[in-house]
Amino acid sequence: MQKVKPSLLRGFDQEYLPAEQLQFNHLLDIMRRTFEGYGFLPIETPSAERREILTSKGAVEKEIYALTRLAEAEDDDAATKGALRFDLTVPLARYVAMRERELAFPFRRYQMQRVWRGETPQANKGRFREFYQCDIDIIGREKLSYLAEAEIPSVIYSVFKEMAIGEFRIRINNRKVLRGLLEMYAVPEKATAEVLRVLDKMEKIGPNEVLKQLMDLGVTTDEGRDLIHHMSEKRSTDEILKELAGLHGAKSDTYGEGVKQLTEVVAGIRAFGVPDSAFAVDLGVVRGLDYYTGTIYETILTKYPELGSICSGGRYDDLASYFTDTKLPGVGISIGLTRLFAKLKEANLLQPLPRTPAEVLVTTMDHQFLDKYLKMAAALRAAGINTEVYLEAAKLDKQLQYASRKEFRVALIAGGNEFAKNVVQLKDLSARESREVPIDNVVAPIKELLKR
């Protein structure tokens, strides 16, 4: 029989060795604990949605993977009408519209699942066709307090602080403020959305290319330069708020409302306990997606800005207008965990795990004592210690090599001589030291060793 060469599809190639998978799962656990600590409830939605649901907001169809079967049945509704989700926002909108009467509002949900997107894979930029997204949203019915927009940075701060990945900064802005600034710089209303999309690419393509594209959209050279300078200049949060409040060129009601909202949100963020060192108002934050209507967020690692945004999102006025007449304003953020993990690994920013499944290995020198080995392991597990029994028949050296390769902390060794004395050898595998302890009192010294 001809062998099939084992290989992965381009863009679907993020699989990890067990040690890496444990690191990945650890980050998931941190987010889950943090989200639930703030009262967010978990949901999961099907991997596949109806095609008309996924395309309802004008998604790029070439980025959506449709379902099909190698041998398709005529009555297969999913194969003809289904496609894989490309984000978690559209499924959330469908979910809330379908279950509105069953949910308590404000609805606080978190969702951590895979999504699929037919983009050009670029591993060096963290772009993949299959990846994990981890989202939280707070959704109101008809109204939503600005305090929800202030609470989101508190959640972001708690997540990344516990991940211990270095200094980070949550950059915030307001889309209404941005629109007011565009009015001040005489950007035509019909070009506003496209101009915002161009400005959103500032850090990727640089100010010169942004100016060129703005001029292509009808913005004059001088106005374009002034706009880019205004949005790029770095000042403190309070300096920016003071400047925005005093601008006389931006007079629209929308602009004034945006400045008021931004000022209130900053005060709220501080009230939630986020230090000024971890967030800042930044007029350069744009978020090119049109459905954001208020506060917007991007988070960067301050010492690794080249990694780009590691968490982003914002306020929107109507989540599910394509599916229901009920107005459902909300605010949320998304962490692309697969991309973030790849970048953290590349920058050596992942922290050692506090615990792993590989804590204690019970070696089996003589299988006639198998019941004693299993009893020891059961006692350790009952005490909350992760324990594996080596079940294959093998020499002790081979068992210890296995323990070393899997990075166990402790090995327990006992044969006829030890059992005759009712003791077991406790071997510290990192220090390469052994000592005898009573079998009936093996838990306490192992716990003490694992604490080191």
- Residues located in segment 164-190, provided they are open to solvent by 10 Å² or more (accessible area, probe 1.4 Å) and either in a helix (DSSP H, G or I) or free of Cβ contacts under 8 Å to residues at least 12 places away in the same chain (or both): LYS176, ARG179, GLU183, MET184, GLU189, LYS190
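Within segment 391-440, restricting attention to residues that are among the polar types (S, T, N, Q) and within 43 Å of the chain's Cα centre (by Cα), which residue is farthest from LYS372 (Cα to Cα)? I'd like the intermediate steps shown before the answer.
Of segment 391-440, the ones among the polar types (S, T, N, Q) are 399, 401, 404, 417, 422, 425, 430, 434.
Now narrow it down to the ones that are within 43 Å of the chain's Cα centre (by Cα): 399, 401, 404, 430, 434.
On the way: GLN399: 18, GLN401: 22, SER404: 23, SER430: 25, SER434: 20 Å.
Top of the filtered list is SER430.
Give the residue, chosen from ALA267, ALA271, ALA278, that is closer than 29 Å to THR338 by Cα, at pLDDT 95 or above and not charged (D, E, K, R). Please lay out each step first, then the result.
Working: ALA267 fails: closer than 29 Å to THR338 by Cα; ALA271 fails: closer than 29 Å to THR338 by Cα.
Unique residue meeting the criteria: ALA278.
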- Only one of (1) at pLDDT 85 or above; (2) more than 15 Å from VAL285 (Cα to Cα); (3) open to solvent by less than 60 Å² (accessible area, probe 1.4 Å); (4) not charged (D, E, K, R) fails for ILE240. Which number is that? (2)
- Query: Got a number for residues in segment 1-28 being open to solvent by less than 90 Å² (accessible area, probe 1.4 Å) and either within 27 Å of GLY118 (Cβ to Cβ) or without any contact (Cβ under 8 Å) to a residue 60 or more places away in the chain (or both)?
  - Reply: 11
- Note on the structure: How many residues of segment 389-409 are surrounded by fewer than 16 Cβ atoms within 10 Å (Cβ to Cβ), among the charged types (D, E, K, R) and under 18 Å from ALA19 (Cα atoms)? The answer is 3
- ASP200 vs (1) out of contact with any Lys or Arg (no Cβ under 7 Å at 6 or more places or on another chain); (2) surrounded by 15 or more Cβ atoms within 10 Å (Cβ to Cβ); (3) not polar (S, T, N, Q): all pass except (1)
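Checking the condition within 30 Å of PRO352 (Cβ to Cβ) and either of a type outside the set (Ser, Thr, Tyr) or part of a helix (DSSP H, G or I) (or both), which residue from ARG32, ARG10 passes?
On the way: ARG10 fails: within 30 Å of PRO352 (Cβ to Cβ).
Result: ARG32 is the single residue among ARG32, ARG10 that is within 30 Å of PRO352 (Cβ to Cβ) and either of a type outside the set (Ser, Thr, Tyr) or part of a helix (DSSP H, G or I) (or both).
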- Item | Answer from GLU61, GLU44 - the residue that is open to solvent by 70 Å² or more (accessible area, probe 1.4 Å) and closer than 23 Å to ARG141 by Cα | GLU44
- Note on the structure: Contact list, first residue from segment 219-231 and over 19 Å from ARG175 (Cα atoms), second anywhere and hydroxyl-bearing (Ser, Thr, Tyr), beta-carbon distance below 7 Å, six or more apart or interchain, is GLU223/TYR185
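Go through segment 90-101 residue by residue and tally those that are closer than 19 Å to TYR65 by Cα and either modelled with pLDDT under 95 or hydrophobic (A, V, I, L, M, F, W, C) (or both).
In the first step, residues of segment 90-101 are kept if they are closer than 19 Å to TYR65 by Cα; the result is 90-92, 94.
Pick out the ones that are also either modelled with pLDDT under 95 or hydrophobic (A, V, I, L, M, F, W, C) (or both) and you get 90, 92.
Residues that pass the stated criteria total 2.
Based on this model, can you work out whether PRO275 counts as surrounded by fewer than 18 Cβ atoms within 10 Å (Cβ to Cβ) and under 30 Å from ILE228 (Cα atoms)?
Answer is yes for this residue.
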- Task: State yes or no: is ASN422 in contact with a Pro (Cβ under 8 Å, 6 or more places away or on another chain) and open to solvent by 40 Å² or more (accessible area, probe 1.4 Å)?
- Result: yes
- For segment 105-116, state whether one or more residues are open to solvent by 10 Å² or more (accessible area, probe 1.4 Å), assigned to a helix (DSSP H, G or I), at pLDDT 95 or above and of a type in the set (A, V, I, L, M). no
- Is at least one residue of segment 16-29 in a loop (DSSP other than H, G, I, E, B), over 27 Å from GLU151 (Cβ atoms) and of a type outside the set (A, V, I, L, M, F, W, C)? yes
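A quick yes/no check of all residues on (1) small (Gly, Ala, Ser); (2) over 30 Å from LEU350 (Cβ atoms):
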residue	(1), (2)
LYS81	no, yes
PHE86	no, no
PHE131	no, no
ILE136	no, no
TYR146	no, yes
ILE156	no, no
GLY166	yes, no
- The condition from (1) at pLDDT 90 or above; (2) open to solvent by less than 10 Å² (accessible area, probe 1.4 Å) that LYS161 misses is numbered (2)
- What is the one condition in (1) open to solvent by less than 80 Å² (accessible area, probe 1.4 Å); (2) modelled with pLDDT of 90 or more; (3) out of contact with any Cys (no Cβ under 6 Å at 6 or more places or on another chain); (4) under 30 Å from THR302 (Cβ atoms) that MET376 does not satisfy? (4)
- Query: Taking segment 430-447, which residues are open to solvent by less than 70 Å² (accessible area, probe 1.4 Å) and either in contact (Cβ under 8 Å) with a residue 60 or more places away in the chain or farther than 19 Å from ALA383 by Cβ (or both)?
  - Reply: ALA431, SER434, ILE439, VAL442, VAL443, ILE446
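The values are calculated or read from the model by the stated rules, or taken from the named source; none is laboratory data. All values derive from a computational prediction rather than experimental measurement. Methodologically, a virtual Cβ is constructed for each residue, glycine included, from the backbone with ideal geometry; neighbour enumeration extends over all protein chains shown. Heavy atoms of the whole protein, side chains included, go into the accessibility calculation; ligands, DNA and RNA do not. Shrake-Rupley method; radii C 1.70, N 1.55, O 1.52, S 1.80 Å.
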